[in-house]
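The values are calculated or read from the model by the stated rules, or taken from the named source; none is laboratory data. Small disclaimer: the values here were computed from a predicted structure and weren't measured. Don't worry about glycine lacking a Cβ; one is built from the backbone with ideal geometry, like all the others, and counts go over all protein chains shown.
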Amino acid sequence: MESIAIFLAGQALAIIIGLISIYVKVSLKLKELEVRVNMVEKQEDVIAKKLDNIQNSLNKLFVALENKQDRE
């Protein structure tokens, strides 16, 4: 009976250690994913700003061309 209790305690300890190990790995992967998402979001913000600048430049050129055509 005593050996069964020791066996069950060892199995319970192994399961707990395994669960803690899985939790740590999953937490680490989630942090890495969060960092990657933040980096991608920053890159997308930079790209969006560049596209906005291009759109503003195109709008200015369009207005300038319209003004030039109106003068002619």
Practice item. Return yes or no: is LEU33 part of a helix (DSSP H, G or I), surrounded by 10 or more Cβ atoms within 10 Å (Cβ to Cβ), at pLDDT 95 or above and of a type in the set (A, V, I, L, M)? Key: yes
Review point. Can you tell me which of LYS49, LYS60, LYS68 is among the basic types (Lys, Arg), part of a helix (DSSP H, G or I) and exposed (fewer than 10 other Cβ atoms within 10 Å of the Cβ)?
Key: LYS68
